[in-house]
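Computed from the coordinates by the stated procedures, all read-outs in this text should not be read as laboratory data. In this text the structure is predicted, and so the values were computed from the model without any measurement. As a convention, Cβ positions derive from the backbone with ideal geometry for all residues, glycine included, and neighbour counts pool all protein chains shown.
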Amino acid sequence: MLFFIYTRFMKLNLTKPLAIFDLETTGTNVGTDRIVEISIIKVHPDGREEILTRRVNPGVPIPPEVTAIHGITDADVKDEPTFAVLAPLLNQFLANCDMGGYNSNKFDIPLLVEEFLRAEVDFDLKGRRFVDVQNIFHKMEPRTLKAAYKFYCNKDIVNAHSAEADTRATYEVLLSQLERYEGVEYSDKDGKVSTPVVNDVRMLHEFSFHNRNADLVGHIIYNDKNQEAFNFGKYKGKSVEEVFNNEPSYYDWMMKADFPLYTKKVITAIKLRGFNKSSVKI
């Protein structure tokens, strides 16, 4: 609580306005996805704040799986202005501002610039500074075994990077996690609440993955229908079997490309399964 009070009244040391912003979009592809909502808090050097929040008609459908995340539907934005209409206002509001956000250097700023370019509005980046809160977080709280051992066990690894020392530290971190998170609730991306860190290897296994992988590295994952789906590239989210049926050359490309051998083993099994299905129909 003391930390919250301290930061709530801290005044940023600014020489020009800082525009802290966030985008809701049709997806995560910077080159092809569109903005459906933008919110900006413009903080002035004197501490004064201006807030601008606008919904945007992206001109393309919002995928249902994306709506499930941010709650914005096609109906919500059908009567809103397009980005091209809003671009002059946004360009003026952001003029002479440094910019900040969470993962903004990798996603929000590049996507915003793409939208300005499509609208043929000269959004000048020269002289701006970019503050990415996520990068600060990750650098100050590193996700290394050494950092985890210090955080969970309050000890330093002796002979770090020797296999036995690192293995012992990993084991102790796991035991500490079981104690620290006993009964602690976790809310997943769908809002489902559970207490997943329990002394049960099956449940720990399930919680250890962001996706259910069909291969080892996560190039191929299982979708909600328990079908193997691509987790990369132009067919991300698409059924592997369906893509191979419609575009056999994509399988050939993957087999010749620098994918792990196990991934190639998995897609070969899927390819053969699809071939066998076709043979049975004939």
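Summarising the strand pairing of the stretch 2-137, around 70 percent of its internal DSSP beta bridges are antiparallel. Restricting attention to the chain, close to 75% of DSSP beta bridges with both partner residues there are antiparallel.
Rg over Rh for the stretch 50-151 works out to 1.07, both radii taken from alpha-carbon positions and Rh defined as the Kirkwood radius.
Fully extending the segment from Tyr181 to Asp252, taken as 0.36 nm per residue of separation minus the present Cα-Cα distance, adds 21.0 nm. Could you tell me whether the stretch 174-282 comes out rounded, prolate or oblate from its Cα gyration tensor? Rule is a ≥ b ≥ c as square roots of the eigenvalues, rounded for a/c under 1.5, then prolate if a/b exceeds b/c, otherwise oblate. The shape class here is prolate. Over the stretch 52-92, the hull volume per residue, using the convex hull of the C-alpha atoms, is 74 Å³. In percent, how large is the relative contact order of the stretch 143-282, given Cα pairs closer than 8 Å and 6 or more residues apart? Here the relative contact order equals 11 percent. Working from Cα pairs under 8 Å separated by at least six residues, relative contact order for the chain is 10 percent. Pair-distance distribution P(r) for the stretch 145-207, from all Cα-Cα distances in 5 Å bins starting at 0: 4, 18, 22, 19, 16, 13, 6, 2, 0 percent.
For the chain, the mean residue ellipticity at 222 nm estimated from helices alone is -12000 deg cm²/dmol, where every DSSP H run of n ≥ 4 contributes -39500 (n - 2.57) and the total is divided by all residues, rounded to the nearest 500.
Computed over the stretch 98-155, the P(r) curve from all C-alpha pair distances, binned at 10 Å from the origin, holds 21, 34, 22, 14, 8, 1 percent per bin.
Between Leu52, Leu261, Leu174, the residue with the greatest mean-square fluctuation in the GNM of the chain (Cα pairs under 10 Å linked by springs) is Leu261. For the chain, the fraction of alpha-carbon pairs lying more than 25 Å apart is 66 percent, rounded to a whole number. When only the Cβ of Lys, Arg, Asp and Glu is charged (+1, +1, -1, -1), the dipole of the chain relative to its Cα centre reaches about 580 debye.
Provide the FRET efficiency to the nearest 0.05 for the His205-Leu12 pair, computing r from the beta carbons and using R0 = 51 Å. About 0.70, to the nearest 0.05. Which of Asn154, Trp253, Phe232 sits closest to the plus end of the dipole of the chain, meaning its Cα is farthest towards the positive end, when Lys and Arg get +1 and Asp and Glu get -1 on the C-beta? Sorting the options by dipole projection puts first Trp253.
Of Tyr235, Tyr102, Tyr181, which is the most mobile in a GNM of the chain whose springs link Cα atoms less than 10 angstrom apart? Result: Tyr235 has the largest fluctuation of those listed. In the chain, taking the dipole from charged Cβ atoms about the Cα centre, the farthest positive-side position among Ala269, Pro196, Val85 is held by Ala269.
As a proxy for reagent exposure, Ile51, Ile157, Ile267 were ordered by neighbouring Cβ count within 10 angstrom, fewest first; the result is Ile51, Ile157, Ile267. Computed over the alpha-carbon atoms, the stretch 220-281 gives an Rg to Rh ratio of 0.94, Rh here being the Kirkwood radius from the mean inverse distance. The order of Asp74, Asp188, Asp108, going from fewest to most other C-beta atoms within 10 Å of their C-beta, is Asp188, Asp74, Asp108.
Enumerate the amide H contacts of Glu37 below 5 Å, restricted to partners 5 or more residues apart or on another chain; note that Pro and chain-start residues carry no placed amide H. Amide H to amide H, under 5 Å and 5 or more residues apart or across chains, Glu37 pairs with Glu24, Val56.
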